[in-house]
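What follows is a short report on a single structure.
The values are calculated or read from the model by the stated rules, or taken from the named source; none is laboratory data. The structure displayed is predicted, hence computed values, not measured ones. FYI the Cβ positions are ideal-geometry reconstructions off the backbone, even for glycines, and counts take in every protein chain you see. Heads up: the accessible areas ignore ligands, DNA and RNA and are worked out on the full protein's heavy atoms, side chains in. Shrake-Rupley method; radii C 1.70, N 1.55, O 1.52, S 1.80 Å.
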Amino acid sequence: MKGPFKATKVTDNVYWVGAIDWGMRNFHGYQTRRGTTYNAYLVMADKITLIDTVKGPFADEMLSRIASVIEPEKIDYIISNHAEFDHTGALPRTIQVAKPTKVFASVMGVKVLSNLFDLDIDVTPVKNGESLSLGNMNLSFIHTPMLHWPESMVTYLAEDEILFSQDAFGMHLASTERFDDELPYDVIAEEAAKYYANILLPFSPLITKLLKSLPTLGLSFKIVAPTHGPIWRKSFSDILNWYSNWAEQQPSMRAVIVYDTMWNSTDIMARAICDGLAEGGASVSTMPLGSTHRSDVATAVMHAGALILGSPTINNGIFPSIAETMTYLKGLKPKNLIGAAFGSFGWSGEAVGHLNELLKSMNVRLISDGIKASYVPNADALEKCRALGKAVAERLKERL
Ligand code: FEO
């Protein structure tokens with residue numbers, strides 16, 4: 001079973017035995033420009049325990065890393081914190097190779113795993129708060145339903161004060177470095193935000209509840225080991241603060257203009273609105289969908305206090321790129337936003353009305369009926385766009 005891959009020591013008792021996916025660029029609609037890792041962890045207790053596995057095609061890489069520490073057949077237990085395929089795709093093969101005596105998952109996890117796989121072993125359910133003795137070490141399980149699947153849980157290793165947090169506090173970032181303090185801080189801050197915006201944002205009320213409950217659990221964390229990206233051993237308090245802020249989405253002086261354009265008329269309107277916003281003191285992300293991915297829009301909107309949408313009218317409707325991006329964004333449930341719509345048209349001009357309805361359906365508070373410009377916007381229309389930008393900036397200031 002030995003191969004070219006090696007484990008990385010996390011503590012004297014725990015090894016990272018995951019896989020690096022350098023080529024991953026699309027994670028169910030989320031553009032992962034820096035690839036990702038699937039993190040699995042080997043706990044070398046009396047009962048040798050593997051926490052999570054990896055995506056199916058990376059099973060051999062994980063088994064090779066495990067074999068650099070012990071023969072996989074020596075694994076006694078496997079814990080499945082989260083059933084999504086990027087962490088369980090390799091589970092059936094790992095069970096066949098390692099032949100563990102037990103596989104554990106949350107009560108819901110047992111059900112989900114039975115829907116995903118025909119495993120060679122009955123999975124044992126663990127309750128919220130339950131502990132598992134590994135002989136000389138102890139694991140305890142905290143269920144975190146809907147963070148971000150119904151069966152999700154996290155596992156705490158008391159002796160080493162490690163929280164195996166599955167997707168929570170993770171990010172899509174392929175690297176040879178395994179720890180937060182080995183990577184550029186601005187890169188991990190950017191990727192952690194993008195991960196939160198694209199995966200966890202809809203569950204923000206649950207995140208807030210979880211963060212408030214953490215101090216009451218009486219646990220201390222030296223290391224937080226998620227299933228994607230770096231292991232937190234230095235800056236965990238920073239990501240806790242970031243999560244708290246992102247979950248709240250407090251009003252800010254940032255605005256996002258999301259638009260597409262047919263013959264550049266809506267484009268020049270967007271740029272005039274941008275200038276008005278900047279003049280009013282807002283910082284602006286102007287995001288033409290011809291060159292912007294929806295997952296970057298999601299990240300920008302999470303940081304913003306205003307969302308301004310633009311589309312020309314096409315066949316009595318809105319541009320397909322806007323419809324696609326807004327379907328994605330609506331599902332992520334951003335909140336505390338004000339907004340407005342704009343767009344050019346030739347002869348019917350329904351797009352702005354559709355955009356207004358779309359914004360209202362996302363609980364965005366409209367501060368204008370929107371601006372329509374016939375064919376090519378004239379000086380008067382562009383002045384209205386600039387004024388709209390300034391008005392949005394003023395409203396953002398009032399909300400701070
Ligand atoms: Fe990394 Fe929800 O899977």
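Loop-located trypsin sites (Lys or Arg not before Pro) across the range 227-256 with a Cβ neighbour count of 16 or fewer within 10 Å are Lys234, with loop assigned by DSSP.
Shape call for the range 295-400 from the C-alpha gyration tensor, a ≥ b ≥ c root eigenvalues: rounded (a/c under 1.5), prolate (a/b greater than b/c) or oblate? Before the final figure, lay out each step's value.
On the way: a/c = 2.13, a/b = 1.19, b/c = 1.79.
Oblate is the answer for the range 295-400, as a/c is 1.5 or above yet b/c matches or exceeds a/b.
Relative contact order, whole percent, for the range 255-394 stands at 32, derived from Cα pairs under 8 Å and 6 or more residues apart. Bridge orientation summary for the range 73-207: considering DSSP beta bridges with both residues in this region, about 60 percent are antiparallel. Among Asp181, Asp118, Asp275, the largest mean-square fluctuation in a Gaussian network model of the chain, built with springs joining Cα atoms closer than 10 Å, belongs to Asp118. Protection proxy ranking of 361-374, 139-152, by the mean of other Cβ atoms within 10 Å over each peptide's residues and highest first, is 139-152, 361-374.
In the chain, a dipole from Cβ-located charges (positive for Lys and Arg, negative for Asp and Glu) runs towards its positive end, and of Ser131, Gly353, Pro334 it is Gly353 whose Cα lies farthest in that direction.
About its Cα centre, how strong a charge dipole does the range 86-213 have in debye, to the nearest 20, once Lys and Arg get +1 and Asp and Glu get -1 at the Cβ? Show your work: numbers first, answer last.
On the way: 9 positive and 17 negative charges, 125 e Å.
In debye, rounded to 20, the range 86-213 gives about 600.
For the chain, the dipole from Cβ point charges (+1 on Lys and Arg, -1 on Asp and Glu) about the Cα centre works out to 560 debye, to the nearest 20. Think of the chain as a dipole: +1 on every Lys or Arg Cβ, -1 on every Asp or Glu Cβ, centred on the Cα centre; then among Pro4, Val54, Thr208, Thr208 lies furthest on the positive end. Each of Ser283, Ile239, Leu382 was placed along the dipole of the chain (beta-carbon charges, centred on the mean Cα), and the one lying farthest toward the positive end is Leu382. Determine the distance separating the Cα centre of the range 125-166 from the Cα centre of the range 45-81; give it in Å without decimals. After rounding, the separation between the Cα centres reads 17 Å.
What is the percent carbon and sulfur in the accessible area of the range 1-130, measuring with a 1.4 Å probe over the protein chains and ignoring ligands?
Values: 2780 of 5450 Å².
Roughly 51 percent of what the probe reaches on the range 1-130 is carbon or sulfur.
Using the heavy atoms of the protein chains and a 1.4 angstrom probe, tell me the accessible area per residue for the chain in square angstrom. Working shown, then result.
Details: 16280 Å² over 400 residues.
That works out to 41 Å² for each residue.
Separation of the range 181-259 and the range 1-34, taken as the distance between their Cα centroids, equals 20 angstrom. Mean sequence separation of contacting Cα pairs (under 8 Å, at least six apart), scaled by the length of the range 8-248, corresponds to a relative contact order of 17 percent. In this simple spin-label model, placing a label point 7 Å from the Cα along the Cα-to-Cβ direction at both Trp347 and Trp22 gives a separation of 5.6 nm.
Between Arg399 and Thr124, the modelled labels are 5.1 nm apart [label points 7 Å from Cα along Cα→Cβ].
Restricting to the chain, what percent of DSSP beta bridges are antiparallel, rounded to 5? Restricted to the chain, the bridges split so that about 40 percent are antiparallel.
In a simple Cβ point-charge model (Lys, Arg +1; Asp, Glu -1; nothing else charged), the range 71-138 has a dipole of about 140 debye relative to its Cα centre.
For the listed residue pairs Lys55/Lys222; Lys102/Lys335; Lys111/Lys330, the alpha carbons are over 31 angstrom apart in Lys102/Lys335. Here the range 39-99 is treated as a Stokes sphere of Kirkwood radius computed over C-alpha pairs; at 4 °C and 1.567 mPa s its diffusion coefficient rounds to 116 µm²/s.
Cα-based values for the range 109-235, radius of gyration first and Dmax second, are 15.6, 44 Å.
Ellipsoid fit via the Cα gyration tensor, the chain: semi-axes of 47, 20, 18 Å, each the root of five times an eigenvalue, largest first.
Which of the peptides 5-12, 208-215, 65-72 is most tightly packed, and how do the rest follow, judged by the mean count of other Cβ atoms within 10 Å per residue? Before the final figure, lay out each step's value.
Working: 5-12: 16.2, 208-215: 12.5, 65-72: 19.2.
Packing proxy ranking, top to bottom: 65-72, 5-12, 208-215.
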